[in-house]
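Inspection log for the structure reproduced underneath, given as structure tokens.
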Amino acid sequence: MALFFVADPTVTRTLRAGLLKTWTDASNAGGAIGFVPPVSPLDVEPVLDEQLRAVEEGRMRLVVGLDGERVRAAGFLETNTHRLMQHWVWAKTVMVHPKAQGRGAGFALMLSLASLARSMPGIEAVRLSCRGGLGLEDFYARCGYKEVGRVPGAIRVGPHDDRDDITMLLSL
């Protein structure tokens, strides 16, 4: 499945619905994107809408990977408002639909996010945070990111199940 990646797409009802489905389905498949399964679209919707408002306001940028009209991958870049940190962006809510996983869609998404970041004036790096215990830091390392920080047990996914919060950095 070859995906077509689009930066800064027009957010239509169809695209929003596809983002909501991808985020919900990926979360329920065990994806570490802000939720612990089981989640419903009602759980994800307010968080998605908050991020789409940030896109509309210019505080975030969006990249989507499409299979035809279906959203199969997506990620956001969030700019920094602090005057001393405006030379890097955050990669946030990086997700691949379960039907597209294991086929290079995640790697292609990360390349697309890096390409978008490179096109942004003055941006020198992309930073992201990932949940430990899933091997995500190994995936991001294959995408060129370096681990630059780790807070043990900072993410609580359940009773007696704390995970490390791992910070990764891609210099552009």
Just grab the label-to-label distance for GLU124 and VAL148, each label 7 Å out from Cα along the Cβ direction, in nm (one decimal).
-> 1.0 nm
Volume in Å³ per residue [convex hull over Cα atoms, computed for region 54-117] | 84 Å³
Just the ratio, please: alpha-carbon radius of gyration of region 1-89 over 2.2 N^0.38 Å, N its number of residues.
-> 1.13
Mean shadow of region 34-77, computed from the convex hull of its alpha carbons, in nm²?
-> 3.7 nm²
Do any GluC sites (Glu not before Pro) in region 44-76 lie in a loop, going by DSSP, with at most 13 other beta-carbon atoms within 10 Å of their beta carbon, and if so which?
-> GLU57, GLU69
Going by accessible area, probe 1.4 Å, with all protein chains left in place, what is the ranking of LEU19, LEU111, LEU66, largest first?
-> LEU111, LEU66, LEU19
Mind checking region 70-172 for trypsin sites (Lys or Arg not before Pro) that DSSP puts in a loop (not H, G, I, E or B) and that have at most 10 other Cβ atoms within 10 Å?
-> ARG83
Any idea what the alpha-carbon Rg over 2.2 N^0.38 Å comes to for the chain?
-> 0.99
Counting only C-alpha contacts under 8 Å and six or more residues apart, can you give the relative contact order of the chain as a whole percent?
-> 19 percent
Between region 130-172 and region 51-67, the alpha-carbon center distance in angstrom | 23 Å
Placing one equal point scatterer on each C-alpha of region 83-134 and summing with Debye, one gets log10 I(q)/I(0) at q = 0.14, 0.16, 0.24 Å⁻¹ equal to -0.45, -0.56, -0.99
List the pair-distance distribution P(r) of region 120-166, using every Cα-Cα distance, as the percent of pairs falling in each 5 Å bin from 0 up to the bin containing the longest distance, rounded to whole percents.
-> 5, 20, 26, 19, 14, 9, 5, 2, 1
Ignoring ligands, DNA and RNA, what accessible area per residue does region 79-172 give at 1.4 Å, in Å²?
-> 56 Å²
Positive end of the charge dipole of the chain (Lys, Arg +1 and Asp, Glu -1 on Cβ, about the Cα centre): tell me which of SER27, GLY135, LEU3 has its Cα farthest that way.
-> LEU3
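The values are calculated or read from the model by the stated rules, or taken from the named source; none is laboratory data. Owing to the predicted nature of the structure, the values given are computational and were not obtained by experimental measurement. With ideal geometry, Cβ positions are generated from the backbone for all residues, glycine too; neighbour counts draw on all protein chains shown. Side chains are part of the model used for accessible areas, which takes the heavy atoms of the whole protein and leaves out ligands, DNA and RNA. Shrake-Rupley method; radii C 1.70, N 1.55, O 1.52, S 1.80 Å.
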